[in-house]
Amino acid sequence: MPTTSGRPLRADAERTVRAILDAAERVLGENPSATLEQIAEAAGVARTTVHRRFANREDLVRTMAISSWRRIDAAVDAARPQTAPPLVALHQATANVIEIKYGAAFALDRADPEDGELVRLQADVFAKCDAVLARAQAAGSIGADADLAWVRRVYLALIAESVHGRTADDLTDPDILASRVIDTLLNGVGRRSGM
């Protein structure tokens, strides 16, 4: 994991940064106005450690967003979008992304849409999404006349809705939610024959 300066970190420093990022997600998710001192306390590090790693709160939030998008990119790659059967890849990528989004909602919701690195990471993820959707269309799982740009927008909205605004009583199993997202994407919510 690089720092905001782009240099690689030692293993112990990387663990410290990861602890700060994880604590920041939890603390800011509960209280968006929490201080860096509260984040440091939750991470089990000194306030000066947080300030040494992050220039300010905005730098911390930006690093959280970049880290989350990197994890999403790796999770999509792990689903083998170019080589696995398209619906298998789509399901696995969906489950992987849902799992990450559960733990990164604050950071992802506050990602700066003008940040060049974030724009590049998102474009990479969306290109992989487009590729697997095109493969699913070629295999006949998505209608030949479907507008794949629209399909991607609907797909991403379904993922977002499966994660955001959930309560403690909501289903949270990423695999089950992925099945629901894919089923809704491919089959809609209309009445099915034989029902």
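Only helices enter the 222 nm calculation for the chain: every DSSP H run of n ≥ 4 contributes -39,500 (n - 2.57), and dividing by all residues gives -22000 deg cm²/dmol, rounded to 500.
Membrane-span-like helices in the chain, defined purely by DSSP H runs whose alpha carbon atoms cover 15 Å or more axially and whose average Kyte-Doolittle hydropathy reaches 0.0, are 86-102, 116-138, 148-163, 174-187. With the alpha-carbon atoms of the chain aligned to their principal axes, the span from lowest to highest coordinate is 62, 37, 28 Å, starting with the largest. For the range 84-128, the set of GluC sites (Glu not before Pro) satisfying both a DSSP loop assignment and a count of at most 15 other C-beta atoms within 10 Å is given as E114.
Read-outs throughout are calculated quantities, based only on the coordinates presented, and are distinct from any laboratory measurement. None of these values were measured; they are calculated from a predicted model. When we count neighbours, we look across all protein chains shown, and the Cβ atoms used for this are built from the backbone with ideal geometry, even at glycine.
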